[in-house]
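Engineer: Okay, handing you the structure first.
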Amino acid sequence: MRYFILIISFLATTISSAQSLGYSDLGLLFSQENYQGTARFNAMAGAFGALGGDVSATYINPASGAIFNKNQLSGSLSLSSLDTDATYYGTRSFNNASSFRNGQLGGVFIFETQLNSDWSKTAFGVNYSVTQDFKNNYRVTGNNENYGRYNIHPFDTSDPAIPYNLTKEQTFTNITDGKQEVYSFSLSSAYQNLFYLGASINFHHTDFIQNSYLNEVNEDENGNALYAEYYQQLSEIASGVSLGLGIIVKPIQNVRLGLAYQSPVWNTEVIENSNAIDYDTSNNYNDALEQGELEIFSSDIEGTYYNAPENPEILSFVYGINTPSKFTASFAYIFDRWGLISIDYATKDYSSIKLQDAYEFSSENNYIQSTFGQAGTLRVGGELRVKQFSFRGGAYLEESPYKNSQDNYYKQGLTAGLGLQFSNSTLDFAYEHSQYDSSYNIYTPIENINPANLDNSNARFTATLSIQF
């Protein structure tokens, strides 16, 4: 009986794990974007809401396609590198992850109006872009000197059981992969070259994979060590749809104003597969034992190596996520043929993230409403043209989605680029650098352990070939 009680008390600590992302975290993950456009788009920090005339801008403002005077096809390749400086209870570790993607592919096709009409042309646009790259790999190591989850060995037959309450080290490894992508189809039209109207339908796909490992080393008062590793896996596969509306106006010569709306992304079916389960008192502990991959052994108890089943049961679950809608207001000034400057301001209300469908998410949705808030993103871009060369640069500031964030700006970035104009084609290059801080809760809130602090630095190179015809 005492042996069974020890097993239960041990398991109660193993299955209340925060190693994998919770549903409110997943809601935020689905709602944020790091849109990868053409190299020209990226080099000007994505400030294209009033400019238009770029294939990838049709997702930001669907009216952008009608700015084109010729058909255009473009394709982009990108190389990203993410450096993560992780700090956990005073110990720092440095990590790097890189990825190579086909970041963008699309085209805009112009149809001139044949009849005498004030509507001079219509444009159809189709574009594929990566909106988030989830590839990352980092490890944090430290010692909280306060709490070890694995402090009793389940095979310990002594009476009382030996407590391993002296924490020596905790190591957390987080490996994520996958991407979020959008296929955008837009239709736009120009009225007397004074204003442009457009609409789009966007099909979103998300593929997110997370593998996390928590290692602990805890000792008893005699210096004997207890070693434990707990592994969790999580995958999220989703498909969603959103709608877009946009307008671009030329009130006076050289000035363009833009306004765009993007509806929530309605992810009606998110398929989750995971070996992690939430702990509550109604769980059957023997069943819970088989849900994770757990290895644990002690240096002083003979024959105490414990290894959970090699192929733990993967639980599947289907639910839905609605992301926030987005409004974008834009201004651009064209300096005739030698340059331009453009400004975009977009805003989202992250408290409107909604988890729904197959499960009652009332507590998670209440948490989202109380934790997240309105956040804006300011983007500024410019271009200088000298003969067949175009020199570009930009910057952006993104506010934190958290209501009580200590930092006003969650992310900030600088961009630069070069364009080469040929007779019927252009070759563009862009470099982007962004920096943002985040945190990750390795343990659950009831375990009262500080999160790991992550200082992230991301660099991305993009090359684009565009052909006009």
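Here, each number is a calculation from the coordinates, and none is a lab measurement. Note that this is a predicted model, so its numbers are computed, not measured. Cβ: placed from backbone, ideal geometry, glycine included. Neighbour counts: every protein chain shown.
Engineer: Please identify the GluC sites (Glu not before Pro) of the range 315-418 that satisfy two criteria: DSSP loop assignment and at most 12 other Cβ atoms within 10 Å. Which are they?
Structural biologist: Those that pass, being in a loop and sparsely packed, are Glu360.
Engineer: Taking the Cα centre of the chain as the origin, how large is its charge dipole in debye, to the nearest 20, when only Lys and Arg (+1) and Asp and Glu (-1) carry charge on their Cβ atoms?
Structural biologist: In debye, rounded to 20, the chain gives about 3220.
Engineer: Taking loop as defined by DSSP and a crowding limit of 13 other beta carbons within 10 Å, which GluC sites (Glu not before Pro) in the range 185-254 fit?
Structural biologist: Glu221
Engineer: Another one. Would you mind working out the magnitude of the charge dipole of the range 12-146 relative to its Cα centre, with +1 at each Lys and Arg C-beta and -1 at each Asp and Glu C-beta, to the nearest 20 Debye?
Structural biologist: 260 debye
Engineer: Same structure again: For the range 314-361, what value does the Rg/Rh ratio take when both radii are computed over Cα atoms and Rh is the Kirkwood radius, given to two decimals?
Structural biologist: Across the range 314-361, the Cα-based Rg/Rh ratio is 1.38.
Engineer: Between Gln421, Phe327, Ala63, whose Cα lies farthest towards the positive end of the dipole of the chain when Lys and Arg beta carbons carry +1 and Asp and Glu beta carbons carry -1, centred on the Cα centre?
Structural biologist: Gln421
Engineer: Want the number for Asn137 to Ile175: 0.36 nm per residue separation, take away the alpha-carbon distance, what's left?
Structural biologist: Full-extension gain reported as 13.2 nm.
Engineer: Using Cβ counts within 10 Å as a stand-in for footprinting exposure, how do Arg92, Arg139, Arg392, Arg40 rank, fewest first?
Structural biologist: By the 10 Å Cβ count, ascending, the order reads Arg92, Arg139, Arg392, Arg40.
Engineer: Further question on the same structure: Quick one: dipole size for the range 127-253, taken about the Cα centre, charges +1 on Lys/Arg Cβ and -1 on Asp/Glu Cβ, in debye to the nearest 20.
Structural biologist: That gives a dipole near 1080 debye.
Engineer: What is the P(r) of the range 113-211, as percent of Cα-Cα pairs per 10 Å bin from 0?
Structural biologist: For the range 113-211, the binned pair fractions read 12, 19, 16, 14, 12, 10, 8, 6, 3, 0 percent.
Engineer: For the range 135-183, list log₁₀ I(q)/I(0) at each q in 0.17, 0.31 Å⁻¹, using the Debye formula over Cα point scatterers of equal strength and ignoring solvent, two decimals each.
Structural biologist: -0.69, -1.11
Engineer: With respect to the cross-link table entries Lys70/Lys387; Lys70/Lys411; Lys179/Lys250, which display a Cα-Cα separation exceeding 31 Å?
Structural biologist: Going by Cα-Cα distance, Lys70/Lys411; Lys179/Lys250 fall outside the 31 Å limit.
Engineer: May I ask for the angle, rounded to the nearest 10°, between helix 362-371 and the longest principal axis of the chain, with both axes built from Cα atoms and the value confined to 0 to 90°?
Structural biologist: On a 0 to 90 degree scale, this one is about 60.
Engineer: Oh, and also: Please quote Rg/Rh for the chain to two decimal places, taking the Kirkwood radius as Rh and restricting both calculations to Cα atoms.
Structural biologist: In the chain, Rg relative to Rh is 1.07.
Engineer: Moving to a separate point now. Please report, in Å, the Rg and the Dmax of the range 394-469, where both are computed over Cα atoms only.
Structural biologist: Taking only Cα atoms of the range 394-469, I get Rg and Dmax of 19.3, 65 Å.
Engineer: Distance in nm between label sites at Asn71 and Asn146, each 7 Å beyond Cα in the beta-carbon direction?
Structural biologist: About 6.5 nm separates the two model spin labels.
Engineer: I want to check the label-to-label distance for Asn222 and Leu397. Put each point 7 Å from Cα in the C-beta direction and report it in nm to one decimal.
Structural biologist: Each label point lies 7 Å from its Cα, and together they span 6.1 nm.
Engineer: When each pair of different Cα atoms in the range 319-469 is counted once in the 1/r mean, what is the Kirkwood radius in angstroms, to one decimal?
Structural biologist: 18.8 Å
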